[in-house]
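The values are calculated or read from the model by the stated rules, or taken from the named source; none is laboratory data. Owing to the predicted nature of the structure, the values given are computational and were not obtained by experimental measurement. Cβ sites come from the backbone with ideal geometry, for glycine too, and all protein chains shown count toward neighbours. When the accessible area is computed, the model is the full protein with side chains, heavy atoms only, and any ligands, DNA or RNA have been set aside. Shrake-Rupley method; radii C 1.70, N 1.55, O 1.52, S 1.80 Å.
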Amino acid sequence: LRWCTTKHIPVTKMTKQETIQIPKPLEQLTASEIERKACIGKIMTYTLRSLTNTYINKGFQWLLPVALSQSTDPLWPDPGASIEKRIEVDIYGKPVRTMSSMIIHKLVAASTAYPKLFILSPNIRIEKGERAKTGKHIYEFTQLDFEMADSGSKDVFALVEDAICTLVKDLKKDMKSELTTLCRCDTLKAPKAPFKIYDRADLEAKYGAEGWEAGIAKDITEPVWVTNIPREFYDYEDFKTGKWDNYDLFMPQFGEVLSGAKREYEYKKIVEKIERDQVKKENYALIIKMAKEGRLKPTAGAGIGMERLVGWIAGVKHIAECQPFPRVPGNVNEL
Ligand code: ATP
Ligand code: ASP
Ligand code: MG
């Protein structure tokens with residue numbers, strides 16, 4: 001085992017990812033790299049406008065994000081989460097954490113004043129440095145996070161399929177020159193709804209427990225849903241069948257760009273799952289209380305990783321290329 005001196009990562013772990021370059025900060029870009037960066041920036045702007053328009057036109061309220069909170073996503077026991085460090089500080093004598101996702105805020109907001117909501121939510125997840133070259137991980141990213149009361153998976157599928165199909169169809173018409181510069185004009189295909197749905201258990205049987213995510217991403221030519229993925233307590237689990245009513249959206253040759261679920265809202269199940277996962281109950285006191293009082297509604301929602309979605313559209317090797325100020329795990333720049 002050799003150690004990569006700059007990143008303190010075992011070299012063996014990096015060999016597969018070696019071809020991916022770490023995106024450079026703005027001030028180090030060459031003229032052609034600036035041109036590429038500007039094209040990706042225009043596609044990001046177009047994507048933000050298209051998606052927010054779709055949600056607003058369907059009656060969603062646009063909420064402003066929260067950055068510090070006592071309660072945030074536990075990211076546990078999801079085996080996909082590889083967090084090196086959690087940031088916790090005291091303010092006004094109380095501990096708060098930097099936002100890893102606004103899932104808890106969404107559950108409370110959708111159950112009260114905002115039955116259909118979305119947020120462009122900055123998330124901080126200090127991913128392990130060894131994820132520098134996955135090309136899919138950055139330590140600050142933005143989710144278009146949304147939630148709907150009295151809804152289920154089918155409602156989310158229909159909404160997202162409409163949003164993505166409209167976006168790509170319009171992009172191919174309006175952003176031809178940018179897509180050409182990025183060599184995506186021909187390879188980016190406008191998807192057709194409805195997207196196919198796969199069960200994670202079947203994919204594991206086909207590709208193996210470790211390889212199913214890479215396997216499905218490589219084999220598909222259209223976006224697909226993957227359901228039934230064991231993870232955090234707030235996703236709905238049928239205790240009788242053991243199946244999870246949750247979903248990821250996978251893009252061809254790229255991988256996951258969205259995760260979401262129908263949610264738990266019943267007091268007994270929430271408490272049982274929090275205890276089962278050994279998650280700190282005191283950090284989730286409010287939703288436990290609201291569930292006990294019957295004030296938590298059945299909701300469903302998801303979060304779209306904006307850098308990943310635009311990364312797929314632009315065909316980048318590393319999604320930090322979609323950030324003006326790259327946040328590559330293990331790398332801290334002045335800006
Ligand atoms: P992965 O398994 O790829 O590490 P995840 O499943 O742990 O990701 P989620 O907790 O599902 O991530 O987060 C919701 C969405 O936010 C993801 O579908 C993805 O689009 C985006 N996302 C999550 N982590 C990152 C990250 N480190 N960098 C960029 N986007 C991310
Ligand atoms: N945004 C995701 C969801 O809605 C949660 C996450 O970020 O992990 O389920
Ligand atoms: Mg996920």
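Below, the figures for the structure above:
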| quantity | calculated |
| --- | --- |
| Mean Kyte hydropathy of -1.0 or more with a Cα span along the axis of at least 24 Å, helices from DSSP in the chain | 31-57, 153-174 |
| Additional length obtainable on full extension of the chain from Tyr207 to Ile20, 0.36 nm per residue less Cα span | 64.9 nm |
| Accessible solvent surface per residue of segment 175-247, calculated while the other protein chains remain in place, 1.4 angstrom probe, Å² | 54 Å² |
| Extension gain, Lys292 back to Arg86 (0.36 nm per residue minus Cα-Cα distance, nm) | 71.3 nm |
| Sulfur and carbon atoms: percent of accessible area, the chain [1.4 Å] | 55 percent |
| DSSP-defined beta bridges in segment 166-273 - what % are antiparallel, rounded to 5 | 75 percent |
| Solvent-accessible area per residue, Å², over segment 43-153 with all protein chains present [probe radius 1.4 Å] | 45 Å² |
| Sequence-distant residues sharing a close amide H with Glu256 (under 5 Å, placed H) | Met251 |
| Virtual spin-label span in nm between Cys183 and Thr45, 7 Å along Cα→Cβ | 2.6 nm |
| Burial order of peptide ranges 300-309, 98-107 (average beta-carbon count within 10 Å, highest first) | 300-309, 98-107 |
| Note, ³J(HN,Hα) from phi for segment 20-30, Karplus 6.51, -1.76, 1.60, rounded to Hz, x at Gly and Pro | 7, 7, 6, x, 8, x, 3, 5, 9, 6, 7 |
| Given the chain, longest segment not containing exposed loop chymotrypsin sites (Phe, Trp or Tyr not before Pro) (DSSP; at most 14 other Cβ within 10 Å) | 93-238 |
| Point-charge dipole on Cβ atoms (K/R +1, D/E -1) for the chain, about Cα centre, debye to 20 | 160 debye |
| Cα shape, segment 84-127, gyration tensor, a/c 1.5 rule | oblate |
| Part-to-part distance (alpha-carbon centres) for segment 59-131 and segment 154-186, which is given in Å | 28 Å |
| Amide H within-cut-off set for Gln61, under 5 Å, with H built and near neighbours excluded | Lys116, Leu117, Phe118 |
| Alpha-carbon centroids, segment 262-335 and segment 242-260: separation in whole Å | 13 Å |
| Convex hull volume of segment 46-172 per residue (C-alpha atoms, cubic angstrom) | 138 Å³ |
| Projected label distance in nm at Gln28 and Lys192, using a 7 Å step from Cα toward the beta-carbon | 4.5 nm |
| Residue order for Asp150, Asp162 - accessible surface, 1.4 angstrom probe, largest first | Asp150, Asp162 |
